[in-house]
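To keep things clear, I will list the structure first and then write my remarks on it.
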Amino acid sequence: MQPISFVGMASALLAAWSLNTPVAAHVTLEAGETVANSTHKAVLRVPHGCDGDATHTITVEIPKGFIDVRPMPKAGWTTTVSSGPYEEPYQYHGRTLSEGVQQISWAGGPLPDEFYDEFVFRGYVADLPAGTRLHFKVTQGCESGEIGWTEVAAPGADPHGLEHPAPILLVAAGEDSSGHRHHSSHAGTQQAGSASVGPITVEGAYARPSLGKAPNSAVYMTIRTTGESDRLLKADSPIAEAVEVHTTEMDSRGVMKMRPVDAVSIEPTAATELQPGGLHIMLLRLVGSLEKGGTIPLTLTFEKAGELTLDVPVGEADASNQGHHHRH
Ligand SMILES: [Cu+2]
């Protein structure tokens, strides 16, 4: 993985990519980490062509252990897969899978050298041991030839020195240092109040109990990323007729007011806090009451990491977070 420092650029136009990409020269996967026994959406990032030439083909080889693979079709490109038998069969959702996709090709474009694009596919990470590196060998076909992003470091060796490394997806341990379980974006398995998708982690989420017949409530949480900058684009929950991302500001008369925001930047340099008196997720026109001790489902959509659904406990945050009043 080639870490990309994008501090402060979250609101810049995507076109800025191509002006700032010498550091992002490699073909990489957007999320470098996943966990075993989970569905994973892989996003191949192609930052430029081959020595100035446009790209017309991207081919990726699917490594052993990444199964039930489905590419996302791409406008302007012809997507093809080649399938074959797995080295060994997998038990998957009550079925035995003995063959599947081994290679995906996107042909078309062309993708001019000065542009950036993404190629998406999803699959299921089999029951692999933590620490397994899945190497997705990529061949980038250009008008004048091709570049193979296929180099693989020896086990335990650092792949950073390689000139044309194969994009890596690391199978991480199921628990992080704080003892929290990591979870896939599959709903229904998370610990209430925390969840992760790709490099994004949500922790400490809670919803304010509804008061009497108050039609609205709010959800607070801490969001972090171990990857590049991302943006929270929207939130949804069946518990409210509308869900908006709000910020709280003081107006010229010193009155705190809330207003919707288009997106919230998630930067790798600092945690993003959604808290009373600041950014929050607004639940408008509640469908029922929010009782302390219950949970509500909430889906967050991130620009790059995609969707994450978590169960949000209804209640209070840590004592340190109490005492603020959310104005309406
Ligand atoms: Cu609000």
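The values are calculated or read from the model by the stated rules, or taken from the named source; none is laboratory data. In this text the structure is predicted, and so the values were computed from the model without any measurement. Here the Cβ positions follow ideal geometry from the backbone for every residue, glycine too, while neighbour counts run over all protein chains shown. The protein model used for the area step is the full one, side chains on, heavy atoms only, and it has no ligands, DNA or RNA in it. Shrake-Rupley method; radii C 1.70, N 1.55, O 1.52, S 1.80 Å.
For the pair Glu316 and Arg133, a Förster radius of 35 Å applied to the C-beta separation gives a FRET efficiency near 0.25, rounded to the nearest 0.05. Quote the accessible area belonging to Thr80 in square angstrom, nearest 10, computed with a 1.4 Å probe and with ligands, DNA and RNA left uncounted. Taking all protein chains as shown, Thr80 has close to 70 Å². Ordering Lys64, Lys292 by accessible surface, largest first, gives Lys292, Lys64; the 1.4 Å probe counts only protein heavy atoms, with every chain in place. Each of Tyr92 and Asp68 was given a label point 7 Å from its Cα along the Cα-to-Cβ line. The distance between the two points is 0.7 nm. Shown are Trp149, Trp77, whose ranking by accessible area with a 1.4 Å probe and every protein chain present, most to least, is Trp77, Trp149.
For segment 195-321, the alpha-carbon coordinates run over 42, 38, 29 Å along the three principal axes, in decreasing order. Each part reduced to its alpha carbon centroid, segment 197-227 and segment 228-282 end up 10 Å apart.
How much net charge surrounds Ala242 when only other residues with a Cβ under 10 Å from its Cβ are counted (Lys, Arg +1; Asp, Glu -1)? Result for the neighbourhood of Ala242: -2. Each label was represented as a point 7 Å from its Cα along the Cα-to-Cβ direction; for Leu284 and Ala263 these points are 2.1 nm apart.
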